[in-house]
Amino acid sequence: MIHWRTLILALFLTLILLSVWEVTCRNNGFLPTMDDDKYLWAAQRDRVRDHDSSQVVIIGASRAHFDFQLDDWEDVTGIRPLQLAADGKSPGPVLQDIVNNTAFNGTIVMNITPSLFFIPPADSIGGWKRAADWVDSYHKRTLAQRLNHWLSYGPQSVFAFLTSGEEGDPDLKSMISTLPSKGRVKQGVPFPRFSQVSADRNTWMMPRMETDTAFQRTIQNAWYTFGKNQKREDKVIEQSFPFYLDLIRRLEARGGRMILTFNPSSGWYTEFEAKNYPRELYYDAFVQQCGCPAYHFQDYPSLARFVPPEWSHLSNPDAREYTRRILAIMQQDGVL
Amino acid sequence: MLFNSLSFLVFFALVLIYWNLPVSWTHRKRMLLLASYIFYGLWNPPLVILLWISTVVDWVAGNRLHRETDPRKRRMWLMLSILVNMGFLVFFKYGGFLLENFQVMAGWVGLSFTPLEWDIILPMGISFYTFQTMSYSIDMYYRKIDPAPRFLDFALYVTFFPQLVAGPIVRSEELVPQFSAPRRATQQQLLWGTFLLTLGLFEKVVMADVLLADHADTVFGSGKVLHTLDAWTGTLAFSGQIFFDFAGYSTCAIGIALMLGFTLPDNFRYPYASIGFSELWQRWHISLSSWLRDYLYIPMGGNRLGNGRTMVNLMMTMLLGGLWHGAGWTFLFWGFLHGTYLVLERLIKRRVRMTINAWNGILLALGTYTLVNITWVFFRAGTFGKASDILASMFFLHPEGDKVLDTHEIIQVFTVTTLLFLSHWFMRNTSVKAVAEKTHWSILGGIWAVMLTLLCMAQGSGEQFIYFQF
């Protein structure tokens with residue numbers, strides 16, 4: 001026989017244990033954040049409207065995600081863009097999805113991160129497949145998954161202990177996976193979370209990154225490890241250029257507009273990109289063939305002064321300023 | 001809808017509130033039926049139509065079987081029910097497999113045949129609800145049961161959401177009578193149901209998904225020839241994962257039904273403590289094994305037609321049991337291995353008499369568990385090539401095999417599966433309820449709190465239950 005007092009005790013103890021855990025998480029720098037997963041992305045993808053020339057959609061990889069701040073964008077232009085950029089993923093499948101499966105004729109701002117942009121459009125390529133999987137998942141998600149995701153907004157925006165999905169996060173699986181290694185197998189390079197995400201996928205770098213040089217080095221080391229063995233392969237130009245150009249032509253043919261950007265990098269990452277994706281051969285050639293308005297941070301002194309603390313993404317204060325400055329330039333050029 | 005999701009918690013809270021409102025029994029049952037369709041339809045609304053067809057066909061067939069006296073017509077009505085249900089199963093579940101094998105056989109006789117890609121979605125839980133409704137028609141044919149008194153009761157029997165998509169496969173005499181008289185959960189049923197729901201979710205979310213699933217996935221998805229320790233760890237991880245996943249679902253289903261005042265039968269009774277395979281099948285997925293026994297093994301003659309025929313019947317039953325789990329040759333082979341074990345066990349038992357005590361019992365149980373693990377390799381691997389690689393690694397044939405798991409992961413899996421095995425051994429003659437009743441309320445409350453806390457910390461990433469695919 002189970003008594004009511006057993007259940008009451010269980011609930012009371014659970015409340016205490018979770019409260020202690022919540023305080024511990026907050027003391028360790030975690031704040032409530034959305035899980036930037038395929039469902040959160042899908043909720044934004046769902047907002048892409050047909051035949052609305054005023055709508056603005058941002059696509060790209062993590063630099064577009066971190067560096068374009070939606071509040072500032074809305075403040076400057078009066079329009080809050082949809083954030084569809086996705087960390088570690090190519091914009092290719094997303095652009096393909098919007099062009100093929102919608103009648104969108106607004107503005108797409110596509111940021112170019114060379115190692116995720118100039119890749120063959122194939123599922124055998126990780127950055128491509130990860131994006132393609134999200135697109136596929138958007139089209140296949142069930143009503144239950146949509147409802148479940150919608151219900152998760154509330155708890156995720158209140159409790160820091162619900163932060164999950166990335167290394168070092170306070171969820172049980174992430175904690176167990178970071179138990180000390182005994183070296184039996186080669187360990188992946190540490191890559192802890194360094195961002196927070198809002199319900200509409202506005203993303204900002206955790207403030208700790210601005211001052212904690214050890215934390216900066218951890219992420220820099222991850223970029224170095226990911227890229228150090230990558231060889232320059234110019235044949236990707238023949239594979240990626242026609243793919244994007246065809247989609248951009250089709251977007252423009254129905255009244256849509258494409259704006260290209262190249263957001264700041266620093267340190268080893270800038271050298272890596274200059275070596276493996278020389279600007280004149282890749283970015284400049286693509287911009288020339290595309291004929292779209294394009295904004296490379298190195299071309300504008302007011303944009304070139306920003307230095308990403310971990311080589312690839314701007315701190316939040318810098319991202320806010322960068323967003324305002326690049327929008328001012330775009331407005332000056334009359335493209336926005 | 002998954003039990004381990006926020007949407008289910010909200011859905012079930014609403015169902016519970018309505019269920020306990022002072023409205024008529026018929027209205028409450030209608031709401032339960034509607035809730036069951038919503039529960040299923042939120043996954044894929046059009047596939048609710050299959051449920052309706054199955055419900056209507058078996059309702060009509062059942063009534064005609066009850067009234068009809070002409071044996072030929074009665075056989076015809078039974079065949080209709082079986083054809084419709086098996087037709088759904090064959091089309092949705094085995095269509096691609098049959099087409100693939102037809103293509104191979106056509107190639108053997110020199111015919112070039114390229115079928116269109118079989119892109120048909122597998123309706124969730126189709127193997128469960130078709131078997132459940134077929135049992136009704138077959139029991140009606142043999143006049144073992146009376147027909148359900150009302151269509152609403154029968155539709156609820158087919159669609160009752162706690163056990164709709166992954167069992168237990170309930171017989172009509174176990175559930176339909178419960179729809180006859182108004183019922184609400186007693187205080188004890190509500191409390192015990194809540195405890196079982198917590199326990200089931202804990203098994204699924206914490207034990208299966210957090211502690212074991214990734215390691216099984218790493219090993220079976222590595223595509224490498226593995227070191228012995230890694231192969232064993234992956235296999236043990238899967239044996240634990242599939243138990244916690246499936247038993248967790250059944251425990252949730254039983255708990256949820258109990259919170260509404262309904263009783264569902266046990267589906268698992270500490271199977272990894274089984275001594276031998278005939279006992280294993282009395283403890284693992286009991287509702288399926290008893291279905292196969294009553295509707296396949298016994299009608300084929302069971303053990304009444306001599307030893308040779310008994311063994312053939314055992315093998316046939318297990319082969320079909322394997323095929324029930326999945327449309328693939330590895331599932332069939334999994335059934336073949338279980339059939340072989342049952343046949344060998346029967347032969348051994350005729351020659352060797354042994355008194356089981358605690359000491360030899362645990363060794364025999366460990367031996368059975370080890371052999372079960374070998375069958376899981378075929379169940380999980382997907383292809384014979386991968387299964388033979390894993391088995392060769394498990395039996396020291398690849399001493400230089402690749403290592404894919406770290407030491408702490410191996411320790412974690414061995415600790416969890418050892419505790420799982422020991423807990424099954426010590427619980428084999430008792431039940432959670434009996435143990436809970438003997439435990440001081442404060443200790444039980446503490447255990448409950450730990451489960452709830454770990455559930456919240458694990459959060460449940462909404463991983464689907466393994467048995468949904470069957």
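Rule-based calculations on the coordinates, nothing more; no lab input. The structure displayed is predicted, hence computed values, not measured ones. Note that each Cβ is placed from the backbone with ideal geometry, even for glycine, and that neighbours are counted across all protein chains shown.
Within 15 Å, Cβ to Cβ, of B:L364, how many net charges do the neighbouring residues add up to if Lys/Arg are +1 and Asp/Glu are -1?
For residues surrounding B:L364, the net value is +2.
What separates the Cα centres of the stretch B:19-90 and the stretch B:374-425 is a distance of 42 Å. For the Cα atoms of chain A, what angle does the longest principal axis make with the long axis of helix A:213-227, in degrees from 0 to 90, nearest 10? Once rounded, the angle reads 60 degrees.
What is the mean number of Cβ atoms from other protein chains located within 10 Å of the Cβ atom of each residue in peptide B:210-217, rounded to a whole number?
Per residue, the average neighbour count from other chains is 2.
Taking label points 7 Å from Cα along the Cα-to-Cβ direction, A:D200 and A:E166 give a separation of 2.1 nm.
Per-residue mean of other chain beta-carbon atoms within 10 angstrom of the beta-carbon, peptide B:436-443?
3
Each peptide in A:149-162, A:222-235 was scored by the mean count of other Cβ atoms within 10 Å over its residues; highest first, the order is A:149-162, A:222-235. If you take all other residues with their beta carbon under 12 Å from the beta carbon of A:F262, and give Lys and Arg +1 and Asp and Glu -1, the sum is -2. Could you tell me whether the stretch B:189-469 comes out rounded, prolate or oblate from its Cα gyration tensor? Rule is a ≥ b ≥ c as square roots of the eigenvalues, rounded for a/c under 1.5, then prolate if a/b exceeds b/c, otherwise oblate. The shape class here is oblate. Does the stretch A:148-247 come out rounded, prolate or oblate by the C-alpha gyration tensor, with a ≥ b ≥ c the root eigenvalues, rounded set by a/c under 1.5 and, if not, prolate when a/b is larger than b/c and oblate if not? Cα axes put the stretch A:148-247 in the oblate bin. The alpha-carbon of B:K144 sits under 14 angstrom from the alpha-carbons of these aspartates and glutamates, leaving out residues fewer than 8 places away in its chain: B:E173, B:E174, B:D294.
Cross-linked pairs A:K38/A:K129; A:K186/B:K224; A:K140/B:K93; A:K89/A:K140; A:K89/B:K224: Cα-Cα separations exceed 22 Å for A:K89/B:K224.
Relative contact order (percent) for chain B, with alpha-carbon contacts under 8 angstrom and 6 or more residues of separation? All intermediate terms of the calculation are to be shown ahead of the outcome.
Details: 596 pairs, mean separation 92.6, N = 470.
Computed over chain B, the figure is 20 percent.
Taking every residue in A:170-182 and counting other chain Cβ atoms within 10 Å of its Cβ, the average works out to 5.
If you take all other residues with their beta carbon under 12 Å from the beta carbon of B:S172, and give Lys and Arg +1 and Asp and Glu -1, the sum is -4. By definition, a body whose alpha carbon gyration tensor gives a ≥ b ≥ c is oblate when a/c is 1.5 or more and a/b is not larger than b/c, and the stretch A:247-336 fits this oblate description. Taking label points 7 Å from Cα along the Cα-to-Cβ direction, B:N63 and B:L98 give a separation of 3.0 nm.
Exposed loop sites here are GluC sites (Glu not before Pro) in DSSP loop states with at most 13 other C-beta atoms within 10 Å. What is the longest stretch of chain B lacking them? Longest site-free region, per DSSP loop and neighbour criteria: B:118-399.
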